[in-house]
Each structure stands twice: as C-alpha cells, then as structure tokens.
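Take a look at the structure below.
The values are calculated or read from the model by the stated rules, or taken from the named source; none is laboratory data. Quick caveat, the model's predicted, so the values are computed rather than measured. Methodologically, a virtual Cβ is constructed for each residue, glycine included, from the backbone with ideal geometry; neighbour enumeration extends over all protein chains shown. The protein model used for the area step is the full one, side chains on, heavy atoms only, and it has no ligands, DNA or RNA in it. Shrake-Rupley method; radii C 1.70, N 1.55, O 1.52, S 1.80 Å.
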Amino acid sequence: MTEPPRKRMVKPPSGGLEGGRAKPARLKTAKQRTPSQQAWLERQVNDPFAAKARAMGYRSRAAFKLTEIDDRFRFLKPGARVIDLGLAPGGWTQVAIERGVTNIAGVDLLPVEPLPPAHILQMDFTDPECGPRLKELLGGAADVVMSDMAPNTVGHKQTDHLRIMGLIEAAADFAREVLKPGGVFVTKAFQGGGTTELIGDLKRHFAEVRNVKPKASRQDSSEVFIVATGFKGR
Ligand code: SAM
C-alpha cells in the first residue's frame, strides 16, 4: 500500500517565513461555514506563522509578534510583574512564561485554558472591578502592561474605530495607574485617526514611544504596536 502524502501544515515553506510561499491550498466550502469564516480558515491554513505556531506549541500566531517586540525591547525578564490584557488564547502569556516571567496576571472575555503560573480572569476589562482584581492578583506595581485587546467588529467603520480606540485608551489609563516608574506599556493599535493623538499623549508619560509593525502582523492590516518605555511615574 502506498503511504498517503504527508501534510504540510506543521512545516513552514522553504525559504523561511517570508519567502518561498507554496501555492495556497483551497478548502472545499463546507455548508456550515459563512464565506468570511471560509476565507479566515483558508488564510489560516496557508499562513506560515499559524503553521509555525502549531508546530511550536503556541496557542496563537500572535506569539511571534510579542517575541519580535521583546527581542528588540527586552522587557520580559525573570522577576518582572506583567499584566496581559486580552490574553486569549494565551500566546503572549506563553512567551512571557517562556522568558522567565513567573508573576503574570491576565484577563479576557473568553475562557482560557490554564497557563500556570499565570493568574487568569475571565471578565470584561472595562468592568470597573477588573483593574483592582488584576492589581490584587499581581501583588504590587507592574513592570509591564501589555494589551493585544481587539473588540469584535460590528462592520460599521466609525463604530468599530471608536470601540477599538476606547479599549486602547482604557488600557493606557490602566498602565499609568499600575506601572512602576521605568515600566513598559505595549499596546496593539491601528494606523489612522486617534493613534497619533495616543502616541502624543503617551510621550508625556514615557521617556520613549515607538511604533512597531512585527513581521507576523499581516501586511494588509492597519495593525501596529506601540511600545512605550521608561514610565515617568504618576
Ligand atoms: N494576545 C493574544 C494571544 O497571544 O493569544 C491574542 C489576543 S486576541 C488578538 C484579542 C483578545 O482581546 C480576544 O481574545 C478578545 O476576547 C479580547 N478582548 C476584546 N475586548 C475585551 C475586553 N473588553 N476585555 C477583555 N478582553 C477583551
């Protein structure tokens, strides 16, 4: 009997993540999937970062975004107190733990499989109870507040933009409240209205503010990450 062909899902295309893309796989349209779910699934199957994440045991391709950001700024250190906002399914927390962080508290609307030693809350970050509970779990001022939160879009451009900016501003306010002097704030943001103002605002509170577009962030997305280092204190 001939052996069935090997699946290519766990091995990125030769030439690394950036080059040598294989012909994209097409999936049969399942009756239960909407066209947008189908498109997401096809993109996922053909995405070298998603394949690499599966092969390396990361719960999400987002892990590579934080890996690249931390390789550059080096804030995930053993002994650091870290808060992860919007952590599901857990890729960023996995990277933090891998880099020696043992004191980490995170929150998401969605349930998250345990990731010891991380403390995980399932609740809305904008709930006034959330901040105090995260602080209590961390047991002291934070060295790092990182947020990859992104609300579900409703399809109305202005509404979606306002919701996203609202979450980012709430994360920035929380960072200013909980960080110790010298601390670091990392947040997902989107190019366009509001982000420039946010950067301007952060520059008053942090020694340096940088805009980063990691390789794993889809090039066709307006997603960027803002890394603010050297918190000046309250
Ligand atoms: N960083 C994660 C990782 O590495 O696996 C991926 C985060 S995912 C891009 C964005 C997350 O933000 C979603 O899981 C979503 O549920 C969460 N989120 C959106 N709004 C939120 C809110 N108000 N409170 C808590 N989590 C929220």
Residue check for LYS203: in a helix (DSSP H, G or I), more than 22 Å from ASP70 (Cα to Cα), open to solvent by 70 Å² or more (accessible area, probe 1.4 Å) and at pLDDT 95 or above = no
request  = Might you check whether a residue that is modelled with pLDDT of 80 or more and surrounded by fewer than 10 Cβ atoms within 10 Å (Cβ to Cβ) occurs anywhere in segment 36-53?
outcome  = no
inquiry  = Of all residues being within 13 Å of the ligand (Cβ to nearest atom) and of a type in the set (S, T, N, Q) in segment 93-121, which is nearest to the chain's Cα centre (by Cα)? Just the residue, please.
reply    = THR93
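Is there a residue in segment 138-152 that is part of a helix (DSSP H, G or I) and out of contact with any strand residue (DSSP E or B) (no Cβ under 8 Å at 6 or more places or on another chain)? Please lay out each step first, then the result.
Restricting attention to segment 138-152, the residues satisfying the condition of being part of a helix (DSSP H, G or I) are 138.
Still in the running and out of contact with any strand residue (DSSP E or B) (no Cβ under 8 Å at 6 or more places or on another chain): none.
Within segment 138-152 (the criterion being part of a helix (DSSP H, G or I) and out of contact with any strand residue (DSSP E or B) (no Cβ under 8 Å at 6 or more places or on another chain)), the answer is no, since none of the residues qualifies.
Looking for something surrounded by 17 or more Cβ atoms within 10 Å (Cβ to Cβ) and touching a Lys or Arg at 6+ places or on another chain (Cβ under 7 Å) - is there at least one such residue anywhere in segment 166-174? Talk me through it step by step, then tell me what you get.
The first filter runs over segment 166-174 and keeps only residues surrounded by 17 or more Cβ atoms within 10 Å (Cβ to Cβ), leaving 167-168, 170-172, 174.
Pick out the ones that are also touching a Lys or Arg at 6+ places or on another chain (Cβ under 7 Å) and you get none.
No, there is no match, as no residue in segment 166-174 is surrounded by 17 or more Cβ atoms within 10 Å (Cβ to Cβ) and touching a Lys or Arg at 6+ places or on another chain (Cβ under 7 Å).
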task = Would you check if ALA105 is in contact with a helix residue (DSSP H, G or I) (Cβ under 9 Å, 6 or more places away or on another chain) and among the small types (Gly, Ala, Ser)?
result = yes
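Could you identify the single residue in GLY182, GLY233, GLY194 that is open to solvent by 40 Å² or more (accessible area, probe 1.4 Å) and at positive phi? Don't jump to the end; show me each part of the working.
On the way: GLY233 fails: open to solvent by 40 Å² or more (accessible area, probe 1.4 Å); GLY194 fails: open to solvent by 40 Å² or more (accessible area, probe 1.4 Å).
Step by step, each of GLY182, GLY233, GLY194 is checked, and only GLY182 is open to solvent by 40 Å² or more (accessible area, probe 1.4 Å) and at positive phi.
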note = PHE64: passes all of (1) over 18 Å from LEU179 (Cα atoms); (2) out of contact with any Gly (no Cβ under 9 Å at 6 or more places or on another chain) but (2)
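For segment 132-165, name all the residues that are within 22 Å of ALA105 (Cβ to Cβ) and loosely packed, with under 13 Cβ neighbours inside 10 Å.
Result: PRO132, GLU136, GLY139, GLY140.
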